[in-house]
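J.: Let me give you the structure first, and then I'll get to my questions.
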Amino acid sequence: MCYKMITADKCLMFSVLLSQVTSIFGAVNVANNKPTRQSTINLGVNTSSWAGLTAWWCIDLRQEFHINTVKISKPIHDGRNILLDGFEMGISSSGQCDKAGFTAATPCFKNRTSTTDSVYTIERCNHPTMPSLSARYIFISVKRTDARLDICEVQVFADNCPDGFYGSNCNIRCPTSCLNNTCDKVGGSCSHGCHGDHYGKKCQSTCSSHCKDGKCDDRTGRCFGCEDGYYGDACEESCFTCNGTCRQLDGVCLTGCKDGYWGCSDLCLQTCSYCKPGGCRIEDGVCNNGCKDGLSNTKCYQNAGCAGCGPLPHKLNAFVENSQAMHPVGANRNYTCIKGAYVKGSPFAHCLPSGEWDIQSFTCKIARTCHDAHKLGIPVSPSVVIRPDVKQSPLTVSCEVSDNGVYTVIGHGAKRTYVHGYETIRSYNGSINYNIDLQQVINIVDASAECEQFIKFECFHVETFSSVGLSTRTGQLATYLMGGVKGQMGCACHISKTCVDGLKCNCDKNDDRLRVDEGYIRYKEDLPITAVLVGDTGNDKEYAYYTVGNLRCKG
């Protein structure tokens, strides 16, 4: 984009620069980072080509899109917009960006009016009733006496991403496990479900290996039946004591117990170790062939029969889900620590034939400080556990306990950074290198309920809106700035309506005063921020500082 202190003679003709605009009225800009070609290049002089007095420029969108709108920005020379009078636009779905492709392209639009506006907007070839046009190649040309074509920026907006792709630039492939290779065009969730052996929003998880035929519900992961010997929603619980299959809901044996086992409610959890060879009856444990030598009563031992165990006793800072007044003999139950408390030991209870609970030794402790959390080995997020026997640098992965919860904190070691001498838009790339692998950082973010990262930008004669940007986890340019709202390209002060002179960022004042824009980024799908991009610092008195905080996640 041509902007402050950049004039037509400094704009490279026939090139497309990265646009700050990624969407318009639901359409997406698909021109970002796409290859271009032109008939000739001459800087500062008229341009003509072997096509007579015709000069052309072409962009290859790499795949076919339904074109909605094309915006063409003109350069500014000595404060005046350079005219593009008489330019034409053609489109094509085949060929290449070359002479033959230009000649074969279908005419789409011809400009017949002069305008002083800095941007030409062409919507559906300026025929509102015309449906969207499909094209891969866009040609812009001019044929006149001087045959000079000056373009500063071109944006191409498509109605939607083609099947199999999603994202702000339609350049991310849908997950291969999506059914029919179809996904949501914005977030990439599998809109028509998953292949039979996958589940989840993006079909990122694999059904349990014990699911019958490998099939499960593509939303919840619940198996449509289990292999013999397993039960539960994900078929991860074993019923190996059953003589065949068991009920998926609760593990009840459907075809009796294996020799040597019995149990109340057909659970087959008790052994017949007191019986002679031949086992015992499944319903009550009575020996089929009598007791071992030295035992004389019918069931060969004293027990509570099928009466089972009463309610589980209370444990400090713990509770039991689905607890009931009476539990069958052989039942297993797990205590769960309350929110903010973490288990030490084994929170397991087993109902004995005597009607008593066999409860393993455990405690649920509440972490008051990071030291406590580190000592207890708190799982501060589903994918990170800080353990006392593993030495970790505080800047690698650490925990932070506050009134708002326990946070996973991931550092990068970068401090307040000075930027000067980079005039071109976002030409300075301040990469953020985290102390663990980027994919590990992304895994932590995806597994956490909430994440945030603080960004501060200090400026002196630096225009934020057109010169500064943030790179997201995928390397894409964020559609917001420090603390701003997605899609609005503004800062935190724009949301609170406190920006100087009603601007979108304080730094857009661009004056002789050190100004500040700062705020938190909380869009999980973009975190972590991987780079701060800065321009407009080329003059002697222009400079900036930026500070990127540690990434903090919880839940």
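The values are calculated or read from the model by the stated rules, or taken from the named source; none is laboratory data. All values reported here derive from a predicted model rather than from experimental measurement. So basically every Cβ, Gly included, is an ideal-geometry build from the backbone, and we count neighbours across all protein chains shown.
J.: Residue pairs, Cβ under 7 Å, 6 or more apart or interchain, first in region 431-457 and farther than 23 Å from Leu533 by Cα, second surrounded by fewer than 17 Cβ atoms within 10 Å (Cβ to Cβ). List them.
T.: Asn443/Ser383; Ile444/Ser383; Ala447/Pro382; Ala447/Ser383; Ser448/Gly555; Ala449/Gly555; Glu450/Gly555
J.: Next up: What do you reckon, is Cys493 over 30 Å from Val30 (Cβ atoms), buried (at least 21 other Cβ atoms within 10 Å of the Cβ) and free of Cβ contacts under 8 Å to residues at least 60 places away in the same chain?
T.: Spelling it out, Cys493 is indeed over 30 Å from Val30 (Cβ atoms), buried (at least 21 other Cβ atoms within 10 Å of the Cβ) and free of Cβ contacts under 8 Å to residues at least 60 places away in the same chain.
J.: Here is a further query. Can you tell me which residues in region 409-439 are more than 28 Å from Thr464 (Cα to Cα) and surrounded by 14 or more Cβ atoms within 10 Å (Cβ to Cβ)?
T.: Across region 409-439, the qualifying residues are Val409, Asn435, Ile436.
J.: Can you find a residue in region 290-310 that is closer than 30 Å to Cys451 by Cβ and either surrounded by 13 or more Cβ atoms within 10 Å (Cβ to Cβ) or at pLDDT 70 or above (or both)?
T.: No, region 290-310 contains no residue that is closer than 30 Å to Cys451 by Cβ and either surrounded by 13 or more Cβ atoms within 10 Å (Cβ to Cβ) or at pLDDT 70 or above (or both).
J.: Next question. Going by the conditions given, is Thr472 touching a helix residue (DSSP H, G or I) at 6+ places or on another chain (Cβ under 9 Å), buried (at least 16 other Cβ atoms within 10 Å of the Cβ), in the same structural domain as Asp512 (by TED's automatic domain parsing) and without any contact (Cβ under 8 Å) to a residue 60 or more places away in the chain?
T.: no
J.: Could you look through region 391-431, keep only residues that are closer than 16 Å to Glu450 by Cα and in contact with a strand residue (DSSP E or B) (Cβ under 7 Å, 6 or more places away or on another chain), and pick out the one that is modelled with the lowest pLDDT? Don't jump to the end; show me each part of the working.
T.: Here is the first cut: in region 391-431, the ones closer than 16 Å to Glu450 by Cα are 399-410.
Checking which are in contact with a strand residue (DSSP E or B) (Cβ under 7 Å, 6 or more places away or on another chain) leaves us with 399-400, 405-410.
On the way: Cys399: 73, Glu400: 72, Gly405: 69, Val406: 73, Tyr407: 80, Thr408: 80, Val409: 85, Ile410: 86.
It comes out as Gly405.
J.: Let me ask something else about it. Within region 342-358, take every residue that is modelled with pLDDT of 75 or more and among the small types (Gly, Ala, Ser) and give me the one that is surrounded by the most Cβ atoms within 10 Å (Cβ to Cβ).
T.: It comes out as Ala349.
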